[in-house]
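First the structure, in the form of structure tokens, and then the observations on it.
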Amino acid sequence: MTASPPVSPLAGKPPPAEMLIDPARLAREYFETRPDPDNPAQRVSFGTSGHRGSPRDGSFTETHILAITQAICDFRRAHGTNGVLFMGKDTHALSGPAQRSAARWKF
């Protein structure tokens, strides 16, 4: 018999106020924050689930998304790829703004 994973003490309860985010503020920070390229923690970084981060610490901003988009376009052009490119998004608060940033990029 396998052990059940521990149950969070928050299970079935509303989250405490300090855990909540303001999605409108987060979106503003996404567009307004400029990462410091000399700070390794604020550079584009991929994990097993893609690019992650937060505009609050300068690690997920429109600047990052535009850089990633440009790199994809450059890679495709260098390899003669001109077919369809599919772009997805998830339910994270910045997925929509990031998708709009990438979709409007002129390559």
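Largest first and in whole Å, what are the equivalent-ellipsoid semi-axes of the chain based on the Cα gyration tensor, each being the root of 5 times an eigenvalue?
Square roots of five times the eigenvalues give 31, 19, 14 Å.
Using amide H atoms built in the peptide plane, which far-off residues or other-chain residues are under 5 Å from F60 H to H?
Counting only residues 5 or more places away or on other chains, the set is S54.
Can you name the helices of the chain, as whole DSSP H runs, whose Cα span along the helix axis is 30 Å or more and whose Kyte-Doolittle mean is not below 0.0? Provide the component values of the computation, followed by the final result.
On the way: long enough: none.
The qualifying helices: there are none.
Would you compute, from DSSP H runs of 4+ residues alone, the mean residue ellipticity of the chain at 222 nm, taking -39500 (n - 2.57) per run and dividing by the full residue count, rounded to the nearest 500?
-11000 deg cm²/dmol
Would you please name the trypsin sites (Lys or Arg not before Pro) within segment 28-107 that are DSSP coil residues with at most 13 other C-beta atoms within 10 Å of their C-beta? Walk me through the intermediate numbers first.
On the way: sites: R28, R43, R52, R56, R76, R77, K89, R100, R104, K106; in loops: R43, R52, K89, K106.
When the trypsin sites (Lys or Arg not before Pro) of segment 28-107 are filtered for loop state and at most 13 Cβ neighbours within 10 Å, R52, K89, K106 remain.
Could you tell me which of F46, L26, I72 has its Cα farthest along the dipole of the chain towards the positive end, charges placed at Cβ (Lys, Arg +1; Asp, Glu -1), taken about the Cα centre?
Sorting the options by dipole projection puts first I72.
Amide H neighbours of H51 under 5 Å, counting only residues 5+ apart in sequence or on other chains, H built in-plane at 1.01 Å?
Correct list: empty.
Computed from the coordinates by the stated procedures, all read-outs in this text should not be read as laboratory data. This structure is a prediction, so every number in the text was calculated from the model and none was measured. All Cβ positions, even for glycine, are placed from backbone atoms using ideal geometry, and neighbour counts span all protein chains on display.
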